1. Where the only charges are on Cβ atoms (+1 Lys, Arg; -1 Asp, Glu), what is the dipole of the chain about its Cα centre, to the nearest 20 debye?
2. Can you tell me the length gained on complete extension of the stretch His65 to Phe7, counting 0.36 nm per residue apart and subtracting the Cα distance?
3. Taking only Cα atoms, what is the 0 to 90° angle, nearest 10, from helix 91-100's long axis to the longest principal axis of the chain?
4. How many nm separate the modelled label positions at Ser144 and Ala92, each set 7 Å beyond the Cα in the direction of the Cβ?
5. Evaluate the relative contact order of the stretch 46-141 (contact order divided by residue number), counting alpha-carbon pairs under 8 angstrom at least 6 apart; express in whole percent.
6. At 1.4 Å probe size, with every protein chain present, just tell me what the per residue accessible area of the stretch 53-150 comes to in Å².
7. Expressed in nm to one decimal, what extension gain is obtained for the pair Asp85 and Gln106 from 0.36 nm per residue of sequence separation less their Cα-Cα distance?
8. In terms of the Cα gyration tensor, with a ≥ b ≥ c the square roots of its eigenvalues, is the chain rounded because a/c is under 1.5, prolate because a/b exceeds b/c, or oblate?
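The values are calculated or read from the model by the stated rules, or taken from the named source; none is laboratory data. As the structure is a computational prediction, the values presented were derived from the model and not from experiment. Virtual Cβ from ideal backbone geometry, glycine too; neighbours counted across all protein chains shown. Ligands, DNA and RNA are stripped out before the accessible areas are found, and what is left, the full protein with its side chains, is counted by its heavy atoms. Shrake-Rupley method; radii C 1.70, N 1.55, O 1.52, S 1.80 Å.
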Amino acid sequence: MNPNYIFVGVLFLGGLILLADGLSDLMGALRSRAWPRVDGVVSKSKLVSVSKKQRQEPNWKPEIHYTFTFNGTPLTGTLVAFGLDGLAGSRAFATAYVDRYPVGQQVSVCVDPKDPSRSVLEPGLTFKATGSLIIAIVLLVVSSWFASVL
């Protein structure tokens, strides 16, 4: 089998996976603007080092947990904004979120009324929520182009 076909297939599959993830984030972000808001409080806020290769600076991600009550049920959430979950970057990037949401901070939590286990602190569309969608489109276009020239 031609290795070029494997390369194109991997690019295309990666694009499809990112497209599904990006569309999920996009739809959640758009729907979250209409979710009801409840009061909550930040229960955990810290920087987490994400290991990279040994001689490089680590990436950092914020780990934010908040508690709230919805329809009499106490719940915990971890999503700050759609597209941010699992995203790591510079220490300054992560510190900005940890500083914005210190432990004990009162927060307004948007809760999915159909699935109260889904919640977010910053509802709506952000650049982060569209990031994987943009990368997916690029991968799909590039893989389609490669497939057409093989």
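1. Values: 14 positive and 10 negative charges, 57 e Å.
With only Lys, Arg, Asp and Glu charged at Cβ, the dipole is about 280 debye.
2. Working: separation 58, 0.36 × 58 = 20.88 nm, distance 3.95 nm.
So the extension gain works out to 16.9 nm.
3. Once rounded, the angle reads 30 degrees.
4. Each label point is offset 7 Å from its Cα along the Cβ direction, giving 3.7 nm.
5. Working: 131 pairs, mean separation 25.8, N = 96.
With pairs under 8 Å counted, the relative contact order is 27 percent.
6. Numbers: 5660 Å² over 98 residues.
That works out to 58 Å² for each residue.
7. Gain in length upon complete extension: 5.5 nm.
8. Working: a/c = 3.19, a/b = 1.68, b/c = 1.90.
The shape class here is oblate.
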